Amino acid sequence: MELLRIHVVLDGVAPTVWRRLDVPRSMTLDRLHLVLQGAMGWTDAHVHEFETVARDGSRHPQRYLPDDALDDGEPGEREATMPVGRLLGRPGDLLRYLYDAGDAWTHTLRLEQVVPALDAGPRCLGGGRACPPEDCGGPTGYDRLLRVLAGERRRDAERFDVARAQAAIARLLQEHPVRATVGPVGDPTSRPGVPEEPQGGSRPGASDPSGPVDAMLLRATRHRPQSLAEHVRRAP
């Protein structure tokens, strides 16, 4: 059995927010979406899509989308029938994952290596820095937010808990079981399944807050309650 070792970087954010994942070659993109949500610390409350990328970083037009986005007329292919191993086949191959069309969080996935494994369970091996809070205005808004809170002498944004990330991955996969197989899609080892419900739409309150950064925000505003947007507007 083989696993794909993937390095994930949240584009446009400094210092770098990154994760390292092992996922089965036959895992379909709809399941990889759940793994990424858990590993990064997102709340799965916004739309998402995958996009193929050339080795030189240029974009291809091929998009892979959840069923509800395709039903709404968005152009692309069905993510639930595409194994990640079809798109990330050789070390150095790239794939983009876009989350939240408004904030436009873009993640670059790069295949580091193919590793042998005794089990097929996806896992988070490590990472750096906590995920930004949801709805903070994308990389630019997050940068401004960190500058606003720089005087709080908090280090929450630097913390990443791999055990918490792994638990979140396991929870999301359990909450969204594969209910049926639909047959192979070109990979003899792959029998991708159909998720119990679409994964792409807005799901307010879908899961817990994104983690330590949210705790930082709550503490910072304990005596002067303000919205996240108000904090960003206060930035110089």
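Worth a mention:
- Sorted largest first, the spans of the alpha carbon positions of the stretch 42-83 along the three principal axes are 31, 25, 19 Å.
- Placing a pseudo-label 7 Å from each Cα along the Cα-to-Cβ vector at Asp68 and Leu118 gives an inter-label distance of 4.0 nm.
- Once you reduce the stretch 66-104 and the stretch 1-48 to the center of their Cα atoms, the two points are 12 Å from each other.
- Peptide ranges 34-44, 161-171 listed from the most packed, as the mean C-beta count within 10 angstrom indicates: 34-44, 161-171
- Computed accessible area, Glu74, all protein chains, 1.4 angstrom probe, square angstrom: 90 Å²
- Placing unit charges on each Cβ (+1 for Lys and Arg, -1 for Asp and Glu) gives the stretch 19-84 a dipole about its Cα centre, and among Leu29, Leu65, Ala45 the Cα reaching farthest toward its positive end belongs to Leu29.
- Student exercise, the stretch 76-121 dipole from Lys, Arg, Asp, Glu Cβ charges, in Debye to nearest 20: 200 debye
- Fully extended contour minus Cα-Cα distance, from Ala54 to Glu2, at 0.36 nm per residue: 16.4 nm
- With the convex hull of its Cα atoms as the shape, the stretch 24-150 has an orientation-averaged projected area of 8.8 nm².
- Across the stretch 31-171, C-alpha contacts under 8 Å between residues 6 or more apart give a mean separation that, scaled by the residue count, equals a relative contact order of 27 percent.
- Charged side chains reduced to their Cβ positions (Lys and Arg at +1, Asp and Glu at -1) give the stretch 1-73 a dipole of some 480 debye around its Cα centre.
The values are calculated or read from the model by the stated rules, or taken from the named source; none is laboratory data. Predicted, not measured: the structure shown is a model, and the values here were computed from it. All Cβ positions, even for glycine, are placed from backbone atoms using ideal geometry, and neighbour counts span all protein chains on display. The protein model used for the area step is the full one, side chains on, heavy atoms only, and it has no ligands, DNA or RNA in it. Shrake-Rupley method; radii C 1.70, N 1.55, O 1.52, S 1.80 Å.
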